[in-house]
1. Give me the dipole magnitude in Debye, nearest 20, for segment 50-174 about the Cα centre, with unit charges on the beta carbon: positive for Lys and Arg, negative for Asp and Glu.
2. Averaging over every viewing direction, what projected area does the convex hull of the Cα atoms of segment 132-175 cover, in nm²?
3. Rounded to the nearest 500, what is the chain's calculated 222 nm mean residue ellipticity when only DSSP H runs of at least 4 contribute -39500 (n - 2.57) each, over all residues?
4. At ALA40 and ASP13, where each label point lies 7 Å from the Cα along Cα→Cβ, what is the point-to-point distance in nanometres?
5. Using amide H atoms built 1.01 Å from N in the peptide plane, name the residues 5+ places from GLY73, or on other chains, whose amide H lies under 5 Å from its own.
6. Provide the descending list of Cα extents for the chain along its principal axes, expressed in whole angstroms.
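What follows draws every value from the coordinates through simple rules; no lab data is involved. Note that the structure is predicted; figures quoted are calculated from it, not measured. Counting neighbours? That spans all protein chains shown, and the Cβs are built from the backbone with ideal geometry, glycine included.
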Amino acid sequence: MSTESTPYPDGIDERHVRPLAGWRRHASPLSLAVFGAVVALALTGLLGHERLWEAQGGSTSLTVHMPELIRNGEFFEMRVSVESDERIGELVVGIDQELWEDMTVNTLIPAASDESSEDGEYRFTFAELEAGTPFLFKVDVQVNPDILGGNEGVVTVYDGDEVLAQVAVGIGVLP
């Protein structure tokens, strides 16, 4: 049995295998500072926050609640609330196709009795809405990874084909 040590490979010598001493033996405090800055930035809401868009059309109020800024690849919830002081015979919610371009819609609650694509918007038809009765339409959406910059569009509430209220909304998408 030989007492010689195995020679180091080319480019490796004793200083590479010797234990480090002092500050060099610990991780850099810079990594902790960068991590702390990311956490602080996230807590400010600058990396994504939600917003309410509201519109009033006669006796009908429309509210859209969704993120104003989000990262691509993430899921988000879009809530469309409708309330009217008058009866709506055939409630229809229209969403511009541009708003959902390059997005995947996963869930619609409640399910519409009819879904169509007309005049550059997706239309979801529901039953009548009695005066003073709140209606909430919830949509779960995923932002596809190829979006950069964001999308804008209009959400419209109809009674059949008659426009009751509409609001322009937008979602910014970060890489």
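1. Dipole magnitude for segment 50-174 comes out near 460 debye.
2. Taking the Cα atoms of segment 132-175, their convex hull projects to 4.4 nm² on average.
3. Value at 222 nm, helices only, nearest 500: -3500 deg cm²/dmol.
4. Placing both labels 7 Å along Cα→Cβ, they lie 4.3 nm apart.
5. Residues meeting the amide H criterion: VAL143, ASN144.
6. So the three principal-axis extents are 95, 31, 27 Å.
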